[in-house]
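Note sheet for the following structure.
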C-alpha cells in the first residue's frame, strides 16, 4: 500500500460480536474490519485497508482490539486532536455494536498484528440455574458449580510451550501447532467464573477448546490428569467441546513500549479540542 503523504494511526476498538461474522471481511455478513474500512472510505473518500491484532471469530467480543490504518497526512481530521478521528468513525458506526475508543499516531514500523508481544483473552462462564437476561449472548451459561481447584490442577499440564494439536480446530491454518501459554487464571466473580489466558499468539479456537476441556474437569466429568493425556495424544477429537463464542473477549494486546504504550488518549466531552 502507498504510504507517501500518509500517517499511520493505531485504533483501539471494542465490539459486541453478536451478529458479526468476526473481525475479518467475508463474502457475506457484517465484519468488524469491513465496517471500519467502509467508515474510513466515507470519511476520507478513498479506499483503506485496516489490519487488526487478531482475527476474532464470529460471535467473539473485544474490549481492546487494536488495529492500524494509514490516513491522509494533510487531511483536516489528522491535523487535529485524535478526538475528531474517533468521533468521525463512531458517527458512521452508530448503528453497529462497534466503537473506536481511542486513536493515536504511531511509527511506520508499528504493525497491529506482527508487533504484538502479548494477547490477553477473558472467558466468562455464568454458573447458575437461571439463564442470563442482561448478559444473554455475553456468557456461557452452565447450570452447575465448577471446582476451580480441580481446574487449576488440570491447567498446569498445558502451561508453557507445547504442541497444541489437540486444542485447535481442524480449520486452523497455522503452519505450526507449537504455542506457548504464559498464564491461565481462574476467579469467581459473583455467579461467574472468569478465565483469563495470556500468550503471544493463539491457534484457531485454541482458547475456546481449552475452556471447553477444562470445564469437563471443573464439573468433575474428567480427572485433572486427563488434560495431560489429551495434550500428548495430539488428537482434537479427545479434547472437550469448543466453548461458545458468547463468553470470549479479546481483552488487551501489548506491544513494545517504543511502538505503542498503554497510554491511550481517553476522550471526555468536557475538553475543548483544537
Practice task
Determine whether segment 152-159 contains at least one residue that is in a loop (DSSP other than H, G, I, E, B) and touching a residue at least 24 places away in the same chain (Cβ under 8 Å).
Solution key: yes
Problem - Total residues in segment 217-253, condition buried (at least 19 other Cβ atoms within 10 Å of the Cβ) and touching a helix residue (DSSP H, G or I) at 6+ places or on another chain (Cβ under 9 Å) - result: 14
Completion exercise
Of (1) in contact with a strand residue (DSSP E or B) (Cβ under 8 Å, 6 or more places away or on another chain); (2) at pLDDT 95 or above, residue 267 fails just (2)
Completion exercise
Residue pairs qualifying under the 9 Å Cβ cut-off, at least six apart or on distinct chains, with the first in segment 1-28 being exposed (fewer than 15 other Cβ atoms within 10 Å of the Cβ) and the second being assigned to a strand (DSSP E or B) and modelled with pLDDT of 90 or more, are 1/70; 2/70; 3/70; 5/72
Completion exercise
Of those in segment 114-151 that are in contact (Cβ under 8 Å) with a residue 60 or more places away in the chain and surrounded by fewer than 13 Cβ atoms within 10 Å (Cβ to Cβ), the residue farthest from residue 202 (Cα to Cα) is 144
Exercise for the section: Looking at (1) surrounded by 15 or more Cβ atoms within 10 Å (Cβ to Cβ); (2) outside any strand (DSSP E or B); (3) modelled with pLDDT of 95 or more, find the lone condition where residue 169 falls short. Expected result: (3)
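The values are calculated or read from the model by the stated rules, or taken from the named source; none is laboratory data. Just so we're clear, the structure is a prediction, and the values are computed from it rather than from any experiment. Methodologically, a virtual Cβ is constructed for each residue, glycine included, from the backbone with ideal geometry; neighbour enumeration extends over all protein chains shown.
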